[in-house]
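The values are calculated or read from the model by the stated rules, or taken from the named source; none is laboratory data. This one's a predicted model, so the numbers in the text were calculated from it and none came from an experiment. Cβ placement follows ideal geometry from the backbone for every residue including glycine, while neighbour counts extend to all protein chains displayed. Areas reflect the complete protein model, heavy atoms only, side chains present, ligands, DNA and RNA absent. Shrake-Rupley method; radii C 1.70, N 1.55, O 1.52, S 1.80 Å.
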Amino acid sequence: MRVAVFGAYGHTGRFVVAELRERGYEPLPLGRDAGKLAAAFPEGEHRVASVDDPASLDRALAGVAVVVNCAGPFASTAGPLIEAALRAGIPYVDVAAEIEANRDTFAHHAERAEAAGVAVVPAMAFFGGLGDLLVTAAMRDWTVADEAHVAYGLSSWHPTAGTVASGVVSRERRDGRRVRFTGGRLVYADGDLPRLDWEFPAPLGVRPVLGEFTMADVVTVPSHLDIPEVCTYMTADAARDLAAGDAPAAVDERGRSAQTFIVDVVVRVGDVRRRVVAHGRDIYAISAPLAVEAVHRLLTGRTRVKGVASAGRIFDAPDFLRALSDHLTVRSLAA
């Protein structure tokens, strides 16, 4: 089946195109820059389209089964591409990490997508998607929890140009304030992020982290789970790398960096805690199997709902995580 990838010549987009080919799908690269498309994909068809030109999006999506949006800032690209997918009657997946863009997807497109019977899956990537799957898996038979904590233990974080641009847009939209999910809603505040220590499982161990280093999990998790407090944390060293802005460097034939990660998830009900941990490599590269597994399940009917839905709601979270065993190690630990 033909799968359109918007922003295919970007860093994450290239990983998604390669993963689609490995899974037996036919990727159709889309983008705004004809020169970059031709340079990145000299063989086979590619199509030029712009989010400022709805007709070009309609032409680009003709004859495709699903579209994956890898082009940030998603505050600009998600809305127009979702509307084009709804017009075409095909599922939409994106890899957005922007809190505000993901919130907009749920707020502005849920009713129309559900009425059309079209699946729209935002944040199907490392931030937002993986955390949501892990929290959902940790919940198991619980339908309500008091808290969910998602701690990101990154060995380093050299951001892509898209990450930097998306971060600028997010900061502008929240007037430079920080954001957290507490009391069942997003709350904005001024001031520095709190600092504390988090005890990651081996081999990382105890590391200083920034509390309220808020990622897209504060949108995806509460969209379907009754958890009034969702907190995310980032290792302080990785946050410093992000601020420095050095781009990721490939160290293997797949284009992956040397970066490793641990995502440590704890959910609590009263005095009972459940913990699930995921280990892997390269937060951008891992977004490709996450997004492509979502595409595969959408196209083979392995979904639970239609309309706008996070990964943990639309897919069977434990089964989805098992399907990523070649890329990701997931285990339950004593909390």
Inset, instruction - State to the nearest 20 debye the size of the charge dipole of the chain about its Cα centre, where the only charges are +1 on K and R beta carbons and -1 on D and E beta carbons. - result: 380 debye
Legend entry - Per residue, in Å², the accessible surface of the chain once ligands and nucleic acids are set aside, probe 1.4 Å: 41 Å²
Inset, instruction - Largest first and in whole Å, give the semi-axes of the range 104-235's equivalent ellipsoid, each being the square root of 5 times a Cα gyration tensor eigenvalue. - result: 25, 20, 16
Inset, instruction - Provide the solvent-accessible area of residue 198, counting protein heavy atoms only and rolling a 1.4 Å probe, rounded to the nearest 10 Å². - result: 40 Å²
Legend entry - Area accessible to solvent at residue 328, 1.4 Å probe radius, in Å²: 10 Å²
Inset, instruction - Kindly express, to the nearest 10 degrees and within the range 0 to 90, the angle between helix 99-116's C-alpha long axis and the longest C-alpha principal axis of the chain. - result: 60 degrees
Inset, instruction - Restricting things to alpha carbons, tell me how big the range 115-166 is in terms of Rg and Dmax, in Å. - result: 15.1, 43
Inset, instruction - Roll a 1.4 angstrom probe over the protein heavy atoms and tell me the percent of accessible area of the chain that is carbon or sulfur. - result: 48 percent
Inset, instruction - Report, in cubic angstrom per residue, the convex hull volume of the C-alpha atoms of the range 1-150. - result: 130 Å³
Legend entry - For peptides 112-125, 143-156, sequence by mean Cβ density within 10 Å, most packed first: 112-125, 143-156
Legend entry - Translational D in µm²/s for the chain (Stokes-Einstein at 4 °C, 1.567 mPa s, Kirkwood Rh from C-alpha pairs): 65 µm²/s
Inset, instruction - May I ask for the Kirkwood hydrodynamic radius of the range 198-328, worked out over all distinct Cα pairs and given in angstroms to one decimal? - result: 16.9 Å
Inset, instruction - Find how much the distance from residue 108 to residue 175 grows on full extension, using 0.36 nm per residue of separation minus their present alpha carbon separation; answer in nm with one decimal. - result: 22.0 nm
Inset, instruction - Return the whole-Å distance between the Cα centroid of the range 188-215 and the Cα centroid of the range 95-113. - result: 26 Å
Legend entry - Dipole-positive endmost among 330, 296, 310 within the range 282-335 (Cβ charges, Cα centre): 310
Legend entry - Nearest-ten-degree value, helix 287-299 long axis tilted from longest Cα axis of the chain: 60 degrees
Inset, instruction - Using the Karplus curve 6.51 cos²θ - 1.76 cosθ + 1.60 with θ = phi - 60°, work out ³J(HN,Hα) for each residue of the range 158-169 in order, rounded to whole Hz, and write x for Gly and Pro. - result: 9, x, 7, 4, x, 4, 4, 5, 5, x, 4, 4
